[in-house]
Amino acid sequence: MENNSLPSSTRHSRVKWVWTNLKGRRAFYCLGIMGSITFNVMQLTIPFFVAKLIDTFIDNENAAYNLEHNRQLFYIYLAAMVGLTLIRTVIVYGTGMIFESVSQWFLYKIRNFLYDKVQRQDMNFYSTFRTGDLMTRMTGDLDAVRHMIAWVIKTIIESVALYTATMVYFFFMDWLLASILLVISPLIFIVILQFRKDVGPKHALLREKLSGLNTDAQENISGNRVVKAFAREKYEIEKFDKGNSEYSETNQTTALTWLKYYPAIETFANLMPIILLVVGGIFIIDGRLSTGQFAAFSGLIWAIANPMRSLGSIMNEFQRFKAASAKIMEIYYSEPKIKDDPKALDLPDRFKGRVEFKNVSFKYEDGKLPVLENISFTVEPGETLAIMGETGCGKTSLIHLIPRFYEVTGGQVLVDGHDVRQMKLHQLRKNIGLATQDVLLYSDTIDGNIAYGDEHLPKNEVVKFARYSAASDFIAKMPEGYDTIIGERGVGLSGGQKQRISLARALAIRPSILILDDTTSAVDMETEKEIQESLKHLDFPCTKIIIAQRISTTKNADKIMVLQNGHITEMGTHEELVKKRGYYWSLVSLQTGEEV
Ligand code: GTP
Ligand code: MG
């Protein structure tokens, strides 16, 4: 089986993957398969009894005598036919239930597994995969796999069982006639293999188009404000229309591919009854075949022809499964690069909050130039470090190394004296309260957003943290206070309001290390002063690392660090740096409007 679309690390067999994941329902699934086989073999019983009836009671020189004296046998045959039909119906119902329930169970299990996988991935994963593509994997692709389990495998087994059982029966009745009918089969396989070659890449392309379409839709819906601001609706609609029509065309070409092969298959399938009629007729005349046997042959010829006809749709569905499962398995087998070391230290739940960088250098995996070089500094528990520097100098990259969002390329990041690579990620991150530069709030109540890191946080605590972040006043004015539902990305709130809720959320986990990335940039000076004041009087010990552009935010910090082009160029207190007359001093002059 080719796995061209899979990276080498995920070259796993698809069938094996399905089988492994059926663990827990394998016996049940096999029961379904057995049921399918039984049901299909039982399809032969009716023609079998019809042949018996004809040969005993109709086309027999003693037919009248048999009917007179063997009437019991006649009833037995009839009863057997009715009874077996009933049993068959029960089996069909039962197997249908089994396939449906096992496939739904599989879908549920894998979807949860994938969601879990996606949640645990590191930042690199999220810059590699686009949201729309991930969504396609979790929905459409998974459904193609479910369809494989529920329908494709079942149909394959049914077709093979029916075909084989009929052929065996035919051979028992007349080997020569059966062999002549069998001659056509290789031709059909050649056509089907050709079809597979033709349609396989089309399914892969179709899958890509769908993912592209979903990505476009997702990005546009979440970015609708930008679209509106630039009055680009028409452009976006046209772009989507182009993608949509391409998808639709690919869908059509894929579906129509079968039409090219269909006439050949249909001709072969239709040849069967003709061969039977000619050869069977000759055999009856020769007395080699009884009329009853001929009736059984012709009553079952569909059981040979139909599996051939369904080979096309089976192959089609199988190719769809192939394209979809490759995408799912890529996520299924992906491993985050940043994960717990098996020998990770088990530290006390609450850290002291000492942060130290030792000769740290850092480069993004996909980046060419180093972003940080030779960074060394220490922040003692309870201290406040302010980081300043022009845009793009590496401030955000630096603080992202503390919760180990990225791995350093050189040197060490230590928290409480331990290299972060030796800590348990969960423990490390539970100790860090981070308010990121791009604020993302959930579609939830304000209360739910603030208590995100600690869902059992009592209401009065939520209010307290909102007060710390100077958010309580505006929240109180909202129609439903803390129960006001805010939309995705905090729609309905101003930039400064969003920042304050994100600050309250970071504080609410009572972190030992609080990291604020430009968190008060959008709030007014007065409110900012209020926040600075509260941060000084938190009711839990906390080291603070604050990225800011305003001198008013940074001047009271214990240490101020100036980053320029990934290097620390200045480090000291406000007074020390002002005296130095460097970058910091120039900022002070610029912002206060006077020479200091
Ligand atoms: P501001 O937030 O604008 O003040 O900048 P910053 O100091 O926080 O800069 P940041 O640390 O975000 O970026 C530093 C450099 O790294 C910039 O040159 C960015 O272009 C680059 N960079 C940031 N994120 C990524 C990333 O995910 N991949 C790559 N390859 N480069 C990145
Ligand atoms: Mg930044």
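Just so you know, all these numbers are worked out from the coordinates, no wet-lab data involved. What you see is a predicted model, and the numbers here were worked out from it, not measured in a lab. Please note: Cβ atoms are built from the backbone with ideal geometry, for glycine as well, and neighbour counts cover all protein chains shown.
Looking only at the chain, where both bridge partners belong to it, what percent of the DSSP beta bridges are antiparallel (to the nearest 5)?
So the antiparallel bridges amount to about 50 percent of the total.
Based on the Cβ-Cβ distance from S589 to E526, what FRET efficiency comes out when R0 is 22 Å, to the nearest 0.05? All intermediate terms of the calculation are to be shown ahead of the outcome.
Numbers: r = 23 Å, r/R0 = 1.04.
According to the calculation, E is roughly 0.45.
Under 1.5 on a/c is rounded, so check that first for region 330-408, then, if it is not, pick prolate when a/b is larger than b/c and oblate when it is not; a ≥ b ≥ c are the square roots of the alpha carbon gyration tensor eigenvalues.
Values: a/c = 2.28, a/b = 1.10, b/c = 2.08.
Cα axes put region 330-408 in the oblate bin.
Past the 26 Å Cα-Cα mark, which pairs from K337/K363; K202/K239; K197/K337?
Over 26 Å Cα-Cα: K197/K337.
For region 10-332, what value does the Rg/Rh ratio take when both radii are computed over Cα atoms and Rh is the Kirkwood radius, given to two decimals?
Ratio of gyration radius to Kirkwood radius: 1.12.
Leaving out same-chain residues fewer than 8 places away, which aspartates and glutamates sit with a Cα under 16 Å from that of K395?
By straight Cα distance, K395 reaches E356, E373, E407, D438, D517, D518, E570.
What are the membrane-span-like helices in the chain by this rule: whole DSSP H runs, Cα extent along the axis at least 15 Å, mean Kyte-Doolittle hydropathy at least -0.5?
Span-like helices in the chain: 26-42, 71-119, 153-173, 185-222, 233-285, 291-332, 495-507.
Multiply the residue gap between S376 and K109 by 0.36 nm, knock off their C-alpha separation, and tell me the result in nm, one decimal place.
Full extension from S376 to K109 adds 91.5 nm.
Between rounded, prolate and oblate, where does the chain land on the alpha carbon gyration tensor, with a ≥ b ≥ c its root eigenvalues, rounded for a/c under 1.5, else prolate if a/b exceeds b/c? Before the final figure, lay out each step's value.
On the way: a/c = 3.36, a/b = 3.03, b/c = 1.11.
Taking the square roots of the gyration eigenvalues as a ≥ b ≥ c, the chain is prolate.
Taking amide H positions as placed 1.01 Å from N in the peptide plane, with prolines and chain starts having none, which residues 5 or more places from I560, or on another chain, fall under 5 Å of its amide H?
A386, G572, T573
Calculate the FRET efficiency for L73 and I275 from the Cβ-Cβ distance with a Förster distance of 25 Å, rounded to the nearest 0.05.
For R0 = 25 Å, the calculated efficiency reads 0.15.
Size of the dipole of the chain about the Cα centre, Lys and Arg at +1 and Asp and Glu at -1 on the beta carbon, nothing else charged, in debye to 20?
Computed about the Cα centre, the dipole is about 880 debye.
How high is the FRET efficiency from V168 to E266, r the C-beta distance, R0 30 Å, rounded to 0.05?
0.75
Past 20 Å, Cα to Cα: identify those pairs from K16/K339; K352/K498; K52/K154; K16/K154; K559/K579, in the order given.
As for pairs spanning more than 20 Å Cα to Cα, those are K16/K339; K352/K498; K52/K154.
Need one number: nm distance between label points at R288 and N244, each 7 Å from Cα along Cα→Cβ, rounded to one decimal.
Here the answer is 6.3 nm between the modelled labels.
Under the classification rounded if a/c is under 1.5, otherwise prolate if a/b is larger than b/c and oblate if not, where does region 438-510 fall, given a ≥ b ≥ c as square roots of the Cα gyration tensor eigenvalues?
rounded
Quick check for you: which residues of region 366-383 have the amide N under 17 Å from the point 7 Å beyond the Cα of H567 toward its beta carbon?
369-377
With an 8 Å Cα cut-off and a minimum separation of 6 or more residues, compute the relative contact order for region 435-549 in percent. Write out the running numbers ahead of the final one.
On the way: 178 pairs, mean separation 39.8, N = 115.
Computed value for region 435-549: 35 percent relative contact order.
Can you pull the one-decimal nm distance between simple spin-label points at D346 and L205, each 7 Å off the Cα toward Cβ?
5.7 nm
Sorted by packing (mean other beta-carbon atoms within 10 Å per residue), highest first, where do 544-557, 564-577, 112-125 land?
Per-residue mean Cβ counts within 10 Å order the peptides as 544-557, 564-577, 112-125.
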